[in-house]
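Student: Take this structure, written in structure tokens, and hold onto it; I'll ask about it next.
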Amino acid sequence: MKTKLTKWGSDYGLFVIVVILLVSIWQMIVNRGIIPAFILPSPSAIWRSLMDNRELLFQVHLPATLKEVLIGFAISVTAGTMLGVGMHFSRSLEKVLYPFLVISQTIPLIAISPIFIMWFGYSIWSKIAVTILTAFFPIVVSTYDGLKSGAEEYRELLLTMGANRWSIFKKIQVPLALPSFMSGLKMSVVYCVVGATIGEWLGASEGLGYFSRRMSGSLQADAVFAAIFLLSLLGIVLFLLISLIEKQLLKNKVHI
């Protein structure tokens, strides 16, 4: 236990010190009136707002956003992995789909979100659609690039031993693609939080994005920052969960 704490302190101790220092400076600047509280509320004011609105935030808005994020992430991972694998096996499919994937990322989310609201209304699916559009691309690209970067010498060795394409895929390309795939997952899950928030901001009746928009309309900056804090915390927690899964998968992976 002591060794783990020592390692954690060595890895993240400086970061924690810097965060404490920045928060202290932030609190001091607001307390002295250098920056008005209605523009930048102090950390203590944000914490008070978080506590005052905790039932609404933790029982209504956070679960709504989390539901949108998890559904969007699950669909993005499933469809994105299938497309990445399909593009790996079919050159024709790659030529057809890759340009569309790139084009999809050039469309501003602010511009296309109202279209999703027209199609799906103010239901959860309009927010999920925005989330998928945001999170889909990293999954496809990381899957495809990871599989394509499989070691050619090992592939040729298995071919000379009579292995078929499926055996090469399973024994060589999938294990070597795991680091790239997991990196895509970590990016995607954070993008899901961003996508869900944008969808809620433009049209919703619940969720942290909706809450922050409503609070900004009534100039309650501390409540807006409280919602932003929870969104950031949600993204960090999901990122760390994927990182833990990655660590276990790569630790148990048989090295070639």
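Student: Any chance you could look up the accessible area of Glu246 with a 1.4 Å probe, heavy atoms only, rounded to 10 Å²?
Tutor: Counting only protein heavy atoms, the figure is 30 Å².
Student: Right, next: How large is ³J(HN,Hα) for each residue in the stretch 94-101, as worked out from phi by the Karplus curve 6.51 cos²θ - 1.76 cosθ + 1.60 (θ = phi - 60°), to whole Hz, x for Gly and Pro?
Tutor: Per residue, the Karplus-derived 3J(HN,Hα) values read 4, 5, 7, 7, 4, x, 5, 4 Hz.
Student: Could you tell me which of Trp125, Ser10, Ala45 has its Cα farthest along the dipole of the chain towards the positive end, charges placed at Cβ (Lys, Arg +1; Asp, Glu -1), taken about the Cα centre?
Tutor: Ser10
Student: Does the chain classify as rounded, prolate or oblate by the C-alpha gyration tensor (a ≥ b ≥ c root eigenvalues; a/c under 1.5 gives rounded; else a/b over b/c gives prolate, otherwise oblate)?
Tutor: oblate
Student: Each residue of the stretch 22-29 in turn: what ³J(HN,Hα) in whole Hz from Karplus with 6.51, -1.76, 1.60 and θ = phi - 60°, glycine and Pro shown as x?
Tutor: With coefficients 6.51, -1.76 and 1.60, one gets 5, 5, 5, 5, 4, 4, 5, 4 Hz.
Student: Rank Ile46, Ile17, Ile236 by accessible area, highest first, at a 1.4 Å probe radius?
Tutor: Sorted by accessible area, descending: Ile17, Ile236, Ile46.
Student: So, in Å, what gap is there between the alpha-carbon centers of the stretch 223-246 and the stretch 62-91?
Tutor: 19 Å
Student: Identify which of Leu14, Leu62, Leu70 has the largest mean-square fluctuation in a Gaussian network model of the chain, with springs joining Cα atoms closer than 10 Å.
Tutor: Leu14
Student: Could you tell me the relative contact order of the stretch 1-115? Use alpha-carbon pairs under 8 Å, at least six residues apart, and round to a whole percent.
Tutor: Here the relative contact order equals 9 percent.
Student: Here's something else I'd like to know. With +1 assigned to the C-beta of every Lys and Arg and -1 to the C-beta of every Asp and Glu, and no other charges, what is the dipole magnitude of the chain about the Cα centre in debye, to the nearest 20?
Tutor: I would put it at about 540 debye.
Student: Test of understanding: in a Gaussian network model of the chain with alpha carbons linked when under 10 Å, which of Tyr191, Tyr210, Tyr12 would top the mean-square fluctuation ranking?
Tutor: Between Tyr191, Tyr210, Tyr12, it is Tyr12 that shows the largest mean-square fluctuation.
Student: Here is the link list: Lys127/Lys170; Lys95/Lys170; Lys127/Lys171; Lys148/Lys186. Which ones come out longer than 31 Å on Cα distance?
Tutor: Lys127/Lys170; Lys127/Lys171
Student: Let me know the shape class of the stretch 1-153, please: from the alpha-carbon gyration tensor, a ≥ b ≥ c as square roots of the eigenvalues, rounded when a/c is under 1.5, otherwise prolate if a/b is greater than b/c, or oblate.
Tutor: Because a/c hits 1.5 or more and a/b fails to exceed b/c, the stretch 1-153 counts as oblate.
Student: Defining a contact as two alpha carbons under 8 Å apart and six or more residues distant in sequence, what relative contact order in percent does the chain show?
Tutor: For the chain, the relative contact order is 25 percent.
Student: Taking the Cβ of Leu234 as the center, what net charge do the other residues with Cβ under 13 Å away carry, scoring Lys and Arg +1 and Asp and Glu -1?
Tutor: Charge balance in the 13 Å sphere: -1.
Student: Still on this model: Take the chain, connect every pair of alpha-carbon atoms lying under 10 Å apart with a spring to form a Gaussian network, then pick out the residue of Ser123, Ser92, Ser205 with the largest mean-square fluctuation.
Tutor: Ranking Ser123, Ser92, Ser205 by mean-square fluctuation puts Ser92 first.
The values are calculated or read from the model by the stated rules, or taken from the named source; none is laboratory data. Quantities reported herein were computed from a predicted structural model and do not represent experimental measurements. Cβ coordinates were reconstructed from backbone atoms using ideal geometry, including for glycine residues, and neighbour counts include every protein chain displayed. In case anyone asks, the SASA skips ligands and DNA or RNA and just uses the protein heavy atoms, side chains included. Shrake-Rupley method; radii C 1.70, N 1.55, O 1.52, S 1.80 Å.
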